[in-house]
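Novice: Got a structure for you, questions after.
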Amino acid sequence: MSAKENSFLNQDFKSRNQEIILPILKEKQISLFIKREDLIHPFVSGNKFRKLKYNLFEAVSQKKNTLLTFGGAYSNHIVATAVVSKLMGLNSIGIIRGEELASDLKKNLKNNATLKKADQNGMTLEFVSREQYREKTDKDFIKKLKEKFGDFYLVPEGGTNDLAIKGCEEILTKEDAEFNYICAAMGTGGTISGIINSACKHQNVLGFPALKGNFLVDEINRFTKKNNWKLITNYHFGGYAKYKRELIGFINDFIEATQIPLDPIYTGKMMFGVIDLIKQDYFAKGTKILVIHTGGLQGIEGFNAKLKQKNEEIIKSL
Ligand SMILES: *Cc1c(COP(=O)(O)O)cnc(C)c1O
């Protein structure tokens, strides 16, 4: 691996824990800190960096010069893969859900900050129908993709595989042992699995799914043997990328009070849930909580474009 490739991956990313100051925390005598994984990189942010790290080492050691992965039109994982591939001098291919996006590509790239960023970083975008997209783990489909694009290193949708879990085990450090609870947002469950693996015995890990469905328990059990974790399933706001005005209002109040931006898909819902649980006295007085800011802030621009169309309150930035 060249020095350039090494330098990005081998940085020792130890995100700082920032204390959150809010009246409710003082009132309930809870101490709440947030691990600022969002500051790792503006587009290879948070858990997406952690999940890609060992996959990239593996791709390079297998002498692959192209990464291929899957995602939706607003996917944090797609952008992260595109940007990190470019940083490392690799090619990238993104298989994107929704063939309608291909019909007026120029316009769609202009209107979609996520796909635009991926395109600007040299990612080849291939738009497929929803039916086709569902075959993303199918051998024949992968074979067809290899016939079309040549050899590549495959990163699954959302980036979750064994090497991704290994990367996410590096989110917590020894110094985090002082916390009683660790909280994080969940999509595929990969990130929380890594966190569970590296959490101490005395710590409880709470996962906040950003979507509906109970498949996540099985997913976590695939990657961890531990049982000091629990899912808090009632803060998905209707499902993946769904929201209520209450959520947008919360995110805007939060940034105003703390100067910390949250995204509406993952971290906003998780933080809403954590604060709501604190209000309900879910945690005993004196509890020390660490929440993980998994990043995802690149998605705000695309989300705001939709809110604007509906004439609704948009998400503020710093
Ligand atoms: C992808 C993502 C998650 C979910 O991670 P999983 O490993 O799929 O559970 C959480 N937060 C942010 C900001 C993300 O982009």
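Novice: Anything in segment 159-178 that is within 16 Å of the chain's Cα centre (by Cα) and either within 12 Å of the ligand (Cβ to nearest atom) or farther than 22 Å from residue 45 by Cα (or both)? List them, or say none.
Specialist: Once the filter is applied, which keeps residues that are within 16 Å of the chain's Cα centre (by Cα) and either within 12 Å of the ligand (Cβ to nearest atom) or farther than 22 Å from residue 45 by Cα (or both), segment 159-178 yields 159, 160, 161, 164, 165, 167, 168, 171.
Novice: Pick out the one residue from 246, 256 that is within 22 Å of residue 21 (Cα to Cα), more than 15 Å from the ligand (Cβ to nearest atom) and either touching a helix residue (DSSP H, G or I) at 6+ places or on another chain (Cβ under 9 Å) or of a type in the set (Ser, Thr, Tyr) (or both). Let's see the steps before the verdict.
Specialist: Working: 256 fails: either touching a helix residue (DSSP H, G or I) at 6+ places or on another chain (Cβ under 9 Å) or of a type in the set (Ser, Thr, Tyr) (or both).
Within the list 246, 256, the selection yields 246.
Novice: Filter segment 179-190 for residues that are away from the ligand (no atom under 16 Å from the Cβ) and within 16 Å of residue 15 (Cβ to Cβ) and give the result.
Specialist: Across segment 179-190, the qualifying residue is only 179.
Novice: Checking the condition more than 16 Å from the ligand (Cβ to nearest atom), buried (at least 23 other Cβ atoms within 10 Å of the Cβ) and in a helix (DSSP H, G or I), which residue from 52, 32, 25, 56 passes?
Specialist: Answer to the check: 56.
Novice: Any idea how many residues of segment 292-313 are crowded, with 16+ Cβ neighbours inside 10 Å and either at negative phi or touching a Lys or Arg at 6+ places or on another chain (Cβ under 7 Å) (or both)? Can you show your working first?
Specialist: Applying the first criterion (crowded, with 16+ Cβ neighbours inside 10 Å) to segment 292-313 yields 292-304, 307.
Of the ones still in play, those that are also either at negative phi or touching a Lys or Arg at 6+ places or on another chain (Cβ under 7 Å) (or both) are 292-295, 297-304, 307.
So the count comes out to 13.
Novice: State whether the residues of segment 237-258 include one that is surrounded by 17 or more Cβ atoms within 10 Å (Cβ to Cβ), in contact with a strand residue (DSSP E or B) (Cβ under 7 Å, 6 or more places away or on another chain) and modelled with pLDDT of 95 or more.
Specialist: no
Novice: Filter the helices (runs of 4 or more DSSP H) completely within segment 81-162 down to those with at least 2 residues that are touching a residue at least 60 places away in the same chain (Cβ under 8 Å) and crowded, with 19+ Cβ neighbours inside 10 Å.
Specialist: Values: elements: 105-111, 113-120, 130-133, 139-149.
Correct list: 113-120.
The values are calculated or read from the model by the stated rules, or taken from the named source; none is laboratory data. Computed from a predicted model, the values in this text were never measured in an experiment. For neighbour counting, all protein chains shown are included, and Cβ atoms are generated from backbone atoms with ideal geometry for every residue, glycine included.
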